[in-house]
C-alpha cells in the first residue's frame, strides 16, 4: 500500500468513527427528544470541537431535557447547576473549609463545587448576576478553578452546555460580552413543527419509557476531538472565514457601510478559530475529509450571533444579528479568484 492509499484509508476510518459516534448518540437521543435536528447537530459539532454551547429559547422547549439526555449518552460525570439570583461564585466553584483532625489540629481542605465534572449543565445561566456568571470564565477558558492561591485543574473532557431565556423576559441578566465569547456556539431553540409537537404531546402523555444508554466514553471523545483537529483546511477557506469575521469590525478598512450603520461592535479572533474548527467537525460529520466554504457559511450564525451587537437604531428597525450575518454571506465572494481580486477585500487582507 502506497502513502496515498494509506492516507485515504485513514481518512475513511476517521469519517466512519465520527459518523458512527453521531449515529449512536442520535439513536439514544431519539428515545426522548423529538425533532430539533439542527440544534442537536450543532451541539455535537461543539462537543467534537472541544467547545462550549449556549442554548437560547423560551421556557418549555426541552432545552434542559436535551442537554441532560445528551449527557446520559456520554459515559462522563455530569453536574447540573440551577442558576438563581442568590447563587454565589463559591456555590459553583467550591470553597476551602477548615477541618479538625484527630488530635485537635486544624487543616484546610478544598471542597469541590459542581463545576468539577465532565459535562456541566448551566441551567438558566442568565438568571444569576454577572458576578456569579463570571465565575465560569476561568473554568471555560483555562479548564481550571483558582481558589485562594491554589489552582485546581478540571477533568478532561470538559463541556459547559448552558441554557438561557431571551433577555426580554423578566428576571434575566445579560451575559457579559467576555462570558459570551467563551461559548463556541449560541444555538437558537425555536418552537417545534406541528408534527413534532404532536409527537411530543403523544409521548409525554403516555407511559414513560426512556432507557437512555451511554455510548461514548471520555477517551473516545478525546480521540474524536483529535481527529477533528487533524482535518486539513485550505488557505482559501481560512481566508474566507477571516473575510466574514473582519467585516463585522466597525470602522475597520474595507468594512461595508451597512455594518458601520447597524453594528455597535463585531467579532474577535475566537470567532475565526471556532468557524474553522467547527467547519472541520461538520465536514467529517457529512462524510468529507476536506472543509468547504459551505461548512463555514453554515456555522456563521451560531458562531457570530452572540459576538456582534446591533445598534439601537438598527434594532428599532427590526434588524437582528442573524439578518446582518445573512447579508454578509451574500456579499462575500465564495471562489478564491473573486475574493482575492475584489478591491474591498484586498484592503481587508492588507490591513
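The values are calculated or read from the model by the stated rules, or taken from the named source; none is laboratory data. Treat the numbers as computed from the prediction; the structure is a model and nothing was measured. Positions of Cβ are generated from backbone atoms using ideal geometry, with glycine treated the same way; all protein chains shown enter the neighbour counts.
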(message) Of the residues 56, 96, only one is loosely packed, with under 14 Cβ neighbours inside 10 Å and in contact with a strand residue (DSSP E or B) (Cβ under 7 Å, 6 or more places away or on another chain); which?
(response) 96
(request) Only one of these is in contact with a helix residue (DSSP H, G or I) (Cβ under 8 Å, 6 or more places away or on another chain) and modelled with pLDDT under 90: 312, 345. Name it. (result) 345
(message) Could you check the stretch 210-251 and list, in sequence order, the residues that are in contact (Cβ under 8 Å) with a residue 60 or more places away in the chain, in a loop (DSSP other than H, G, I, E, B) and surrounded by fewer than 16 Cβ atoms within 10 Å (Cβ to Cβ)?
(response) 210, 211, 213, 214, 230
(message) Looking at the stretch 169-178, can you tell me whether even one residue there is surrounded by fewer than 20 Cβ atoms within 10 Å (Cβ to Cβ) and at pLDDT 85 or above?
(response) no
(request) Return yes or no: is residue 195 under 21 Å from residue 68 (Cβ atoms), assigned to a helix (DSSP H, G or I) and more than 17 Å from the chain's Cα centre (by Cα)? (result) no
(request) Among the residues of the stretch 138-154, write down those that are assigned to a loop (DSSP other than H, G, I, E, B) and modelled with pLDDT of 85 or more. (result) 143, 154
(message) more than 30 Å from residue 286 (Cβ to Cβ) and surrounded by 15 or more Cβ atoms within 10 Å (Cβ to Cβ): is that true of residue 87 in this structure?
(response) yes
(request) Report whether or not residue 298 is under 26 Å from residue 17 (Cα atoms), crowded, with 22+ Cβ neighbours inside 10 Å and out of contact with any strand residue (DSSP E or B) (no Cβ under 8 Å at 6 or more places or on another chain). (result) no
(message) Here are the criteria: (1) surrounded by 12 or more Cβ atoms within 10 Å (Cβ to Cβ); (2) over 23 Å from residue 42 (Cβ atoms); (3) in contact with a strand residue (DSSP E or B) (Cβ under 6 Å, 6 or more places away or on another chain). Tell me which single one residue 132 does not satisfy.
(response) (3)
